[in-house]
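Let me begin by presenting the structure, written as structure tokens, before commenting on it.
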Amino acid sequence: MLCESISGPLLDRIDLHIEVPAVPFKELSSAPTGTGSAEMRAHVAAARQIQQQRFDGAKTRYNAHMTTREIRKFCRLDEECMELLRASVNELGLSARAHDKVLRAARTIADLDQSEQIRAPHIQEAVNYRMLDRQLWT
């Protein structure tokens, strides 16, 4: 398994962690489903436009490059999201760096969803991208 060959501090610096299982032959040979490239490109362009407006006049251009101060400003959470993030950090034993990466990812997921506020599903999805942290420490 990959996470066994990567040290915790190095893994902590990787933004998104996902495990991609092998695709069964039946799915490879069936008609494509899901979001097409053009539709996905449009979603990404819309999210980048939101980020361009958010960071207008700033050195930062994208959510991935937000400073800690910018994270606190642009990733404000309601009580439900705060509790979800708190529980996830405690349960997974996430570092401060991983905590901030979750918030950056949640902000981007919210932008893709064209949501001004980060909502619980955005936090949940972002936390799921840190699951290799849990596998590394269990």
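Quantify, in whole percent, the carbon and sulfur part of the accessible surface of the chain (1.4 Å probe; protein heavy atoms only).
On the way: 5070 of 9360 Å².
Reported share for carbon and sulfur atoms: 54 percent.
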Next item on the list: May I ask you to list the lysines whose Cα is less than 27 Å away from that of Lys73, ignoring any residue fewer than eight positions away on the same chain?
Entry: Lys59, Lys101
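With the convex hull built on the Cα atoms of the stretch 30-138, state its orientation-averaged projected area in nm². It would help to have the intermediate numbers written out before the result.
Numbers: hull surface 34.0 nm².
If you wrap the Cα atoms of the stretch 30-138 in a convex hull and average its projections, you get 8.5 nm².
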Check: So which helices of the chain fit the span-like rule, where a helix is a whole DSSP H run, its Cα atoms reach 18 Å or more along the axis, and its mean Kyte-Doolittle is at least -1.0?
Finding: 37-54, 79-92, 96-112
Notebook entry, point to check: Can you give the calculated 222 nm mean residue ellipticity of the chain, where each DSSP H run of n ≥ 4 adds -39,500 (n - 2.57) and the sum is split over every residue, rounded to the nearest 500 deg cm²/dmol?
Noted result: -17000 deg cm²/dmol
Item checked: C-alpha center-to-center spacing [the stretch 26-71, the stretch 84-117] in angstrom -> 16 Å
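Just the accessible area per residue of the chain, please: how many Å² with a 1.4 Å probe?
On the way: 9360 Å² over 138 residues.
Spelled out: the 1.4 Å probe surface of the chain, per residue, equals 68 Å².
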Next item on the list: Send over the per residue convex hull volume for the stretch 8-83, Cα only, as a whole number of Å³.
Entry: 189 Å³
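Among 70-80, 55-65, 92-102, how do they line up by average Cβ neighbours within 10 Å per residue, starting with the highest?
Descending packing order for the listed peptides: 92-102, 70-80, 55-65.
Can you give the local net charge around Ala47? Use residues other than it whose beta-carbon is closer than 12 angstrom to its beta-carbon, Lys and Arg +1, Asp and Glu -1. Please report the intermediate quantities before stating the final value.
Working: positive: Arg41, Arg48, Arg54, Arg107; negative: Asp111, Asp113.
Local net charge: +2.
The values are calculated or read from the model by the stated rules, or taken from the named source; none is laboratory data. All of these numbers come straight from a predicted model, not from anything done at the bench. Counting neighbours? That spans all protein chains shown, and the Cβs are built from the backbone with ideal geometry, glycine included. Side chains are part of the model used for accessible areas, which takes the heavy atoms of the whole protein and leaves out ligands, DNA and RNA. Shrake-Rupley method; radii C 1.70, N 1.55, O 1.52, S 1.80 Å.
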